[in-house]
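Remarks on the structure that follows.
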Amino acid sequence: MGKKIIIQSRFGTIYEGIFTAKDGDYYILTHAKVIGKNNIAHVDLIGIKHNVISHIHVEPKKIEPIEK
């Protein structure tokens, strides 16, 4: 609770925001971004139902490219 998290849906949509609560089947994020294929929506509050989630993680400390 209170940490910035990233949720990727099974359909490819990315949700970024502050994890505020779990209400039944929903993860509640505040100060969130919804990143789709064509647009990014900035919202104050969103609920993401658990059955659309592929994975969840806290905001990365560091991202490194994979050497090829």
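Conditions tested, residue by residue: (1) modelled with pLDDT of 95 or more; (2) within 13 Å of the chain's Cα centre (by Cα); (3) not polar (S, T, N, Q).
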site	(1), (2), (3)
Ser9	yes, yes, no
Glu16	yes, yes, yes
Asp25	yes, no, yes
Thr30	yes, yes, no
Val34	yes, yes, yes
His42	yes, yes, yes
Lys49	yes, yes, yes
Ile53	yes, yes, yes
Lys62	no, no, yes
Check: If you go through segment 28-68 one residue at a time, how many are out of contact with any Leu (no Cβ under 6 Å at 6 or more places or on another chain) and closer than 14 Å to Gly2 by Cα?
Finding: 8
Notebook entry, point to check: Restricting to segment 1-16, what's the tally of residues that are more than 24 Å from Lys61 (Cα to Cα) and crowded, with 17+ Cβ neighbours inside 10 Å?
Noted result: 0
Note to self: Among the residues in segment 17-31, are any among the aliphatic types (A, V, I, L, M), surrounded by fewer than 12 Cβ atoms within 10 Å (Cβ to Cβ) and within 22 Å of Lys61 (Cβ to Cβ)?
What the structure shows: no
Next item on the list: Read through the list (1) in contact with a His (Cβ under 8 Å, 6 or more places away or on another chain); (2) closer than 18 Å to Gly2 by Cβ, then give the number of the only condition that Asp25 fails.
Entry: (2)
Margin query: When the residues of segment 32-43 are narrowed to those that are among the β-branched types (Val, Ile, Thr) and out of contact with any His (no Cβ under 9 Å at 6 or more places or on another chain), which ends up nearest to His57 (Cα to Cα)?
Written below: Ile35
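The values are calculated or read from the model by the stated rules, or taken from the named source; none is laboratory data. No experiment lies behind these values; they were computed from the predicted model shown. Counting neighbours? That spans all protein chains shown, and the Cβs are built from the backbone with ideal geometry, glycine included.
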